[in-house]
1. Can you compute the FRET efficiency between Asn367 and Arg168 using 1/(1 + (r/R0)^6), with r the Cβ-Cβ distance and R0 = 51 Å? Round to the nearest 0.05.
2. Hey, any idea what % of region 263-338's accessible area is carbon plus sulfur with a 1.4 Å probe?
3. Contour minus end-to-end for Leu47 and Leu107, with contour as 0.36 nm per residue of separation and end-to-end as the Cα-Cα distance?
4. Give Lys31/Lys182; Lys93/Lys265; Lys31/Lys394; Lys338/Lys394 a once-over and call out the pairs whose C-alpha atoms are over 24 Å from each other.
5. Can you give me the solvent accessible area of Tyr307 with a 1.4 Å probe, rounded to the nearest 10 Å²?
6. Subtract the Cα-Cα distance of Glu392 and Leu139 from 0.36 nm times their separation in residues, and report this length gain in nm to one decimal.
7. Can you put Asp173, Asp183, Asp46, Asp34 in order of accessible area, largest first, using a 1.4 Å probe?
8. Let me have the 222 nm mean residue ellipticity of the chain computed from DSSP H runs of 4+ only, each contributing -39500 (n - 2.57), with the sum over all residues rounded to the nearest 500.
Amino acid sequence: MDDLGLSIAEYSVFASIMIFGGMIGALISGKVADIFGRRTTMWLSDLFFIMGWCSITFGKRAWWLDAGRLLMGVGAGIQIYAGPIYISEVTPKNIRGGFVAAASCTLTLGFSLVYYIGNNMSWRTLALVGAIPSFIQVLGVFFIPESPRWLSKIGLEKEVEASLQRLRGENADISTEAAEIKDFTETVQQHSGSTFMDLFSRKYARPLIIGVGLMALVQLGGTNAITSFASSIFRAAGCSADSASQVMAVLQLPFAVASIILTEKAGRRLLMLVTSAGTCLGCLLVALGFLFKGYHPSAELTSSMVYTGILLFSISFTVGMGGTPWIIMSEILPINIKGSAGSLTALINCFTSWIVSYAFNFLFEWNAAGTFFLFAFFCGSVVVFVAMLVPETKGRTLEEIQASMTLLR
């Protein structure tokens with residue numbers, strides 16, 4: 001703001017425009033991944049990230065910064081779909097969840113790392129540093145095999161076997177897995193249409209409801225608001241914003257690693273039930289802390305309850321509620337609707353994230369306790385939603401999961 005003389009309004013646009021870019025990226029991600037493949041789609045997202053970071057690094061006017069954030073949003077909207085889908089399609093069933101969870105773990109690591117180095121360098125240098133991972137991946141993506149399930153979808157049977165052989169090892173017997181992928185792909189395509197409206201047919205109702213419902217409820221639980229405005233929340237409660245934010249960032253790392261193990265050991269369903277209950281309890285503690293602020297003379301009670309509640313929310317979200325919905329989404333959507341359904345779920349994720357981010361400051365200023373009671377309600381709704389609708393997918397092939405979720409007969 002100081003270097004370029006930005007107004008508060010200009011800074012607000014800079015902060016929020018990335019989510020609009022995310023909506024654009026989410027809308028095109030599924031179609032692009034279906035037409036050009038998972039590898040090319042990830043490569044494309046890296047190009048958007050690189051262009052975005054460079055626009056910010058060398059920006060001379062506010063519109064340069066806005067254009068950079070918009071481009072990065074498009075890249076993020078593509079990547080949040082293409083990344084989990086690719087990982088789930090190339091990994092064996094016994095470690096699939098752990099690998100997708102590992103992607104969430106590295107995301108947490110990146111946030112924590114940038115938080116610390118960002119305090120010791122200029123914003124332009126920080127933007128340039130942010131482009132480094134994308135430069136690495138834009139080259140590295142050429143050295144990884146394409147998804148065998150996407151190759152099967154477009155009829156490249158020899159390439160399916162070659163991809164599986166690279167993924168499983170030279171001496172591995174991939175004949176059974178290749179046959180299962182081929183048979184299921186053929187069965188799905190024989191019973192399926194390919195238009196966007198086919199997505200809303202009865203046979204796909206359950207996977208679509210689960211995908212869209214999880215994305216919406218998790219975001220409405222307040223994660224984006226708590227992540228973005230943690231310092232403001234801590235200050236309002238009378239906590240030291242800097243030290244509390246640092247503790248939150250450090251605590252996330254070991255629990256992010258734990259999520260990789262727990263995803264396969266405990267299973268997706270149980271992990272979602274426990275961690276969504278944890279986020280609900282965390283929001284209730286924060287809400288009660290702000291509620292007691294007006295009645296209890298001691299400021300320490302409010303600060304302690306808010307501090308504990310935010311940390312509990314952060315830990316619970318990191319362990320399961322943050323990454324597990326993406327694992328489930330990547331597993332339950334049949335290959336023939338994965339593009340359109342994946343785009344829809346990613347769009348819902350971005351849209352609800354924007355609603356929460358935009359409305360939070362108004363709600364928080366109006367009634368801090370009421371805001372977190374509302375977040376607690378949605379987190380509690382996740383528990384009920386998962387208990388009623390979400391199946392366990394641990395230890396099952398994608399073909400087994402998707403056949404049980406859709407009505408193909």
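The values are calculated or read from the model by the stated rules, or taken from the named source; none is laboratory data. Source: prediction; values computed, not measured. Reconstructed Cβ throughout: ideal geometry from the backbone, glycine too, with neighbour counts over all protein chains shown. With ligands, DNA and RNA removed, areas are computed over all heavy atoms of the protein, side chains included. Shrake-Rupley method; radii C 1.70, N 1.55, O 1.52, S 1.80 Å.
1. After rounding, the FRET efficiency stands at 0.40.
2. Using a 1.4 Å probe with all protein chains present, region 263-338 comes out at 71 percent carbon and sulfur.
3. Stretched out fully, the Leu47 to Leu107 stretch lengthens by 19.8 nm.
4. Going by Cα-Cα distance, Lys31/Lys394 fall outside the 24 Å limit.
5. 70 Å²
6. Answer, rounded to one decimal: 87.5 nm.
7. Asp173, Asp183, Asp34, Asp46
8. Computed mean residue ellipticity for the chain: -26000 deg cm²/dmol.
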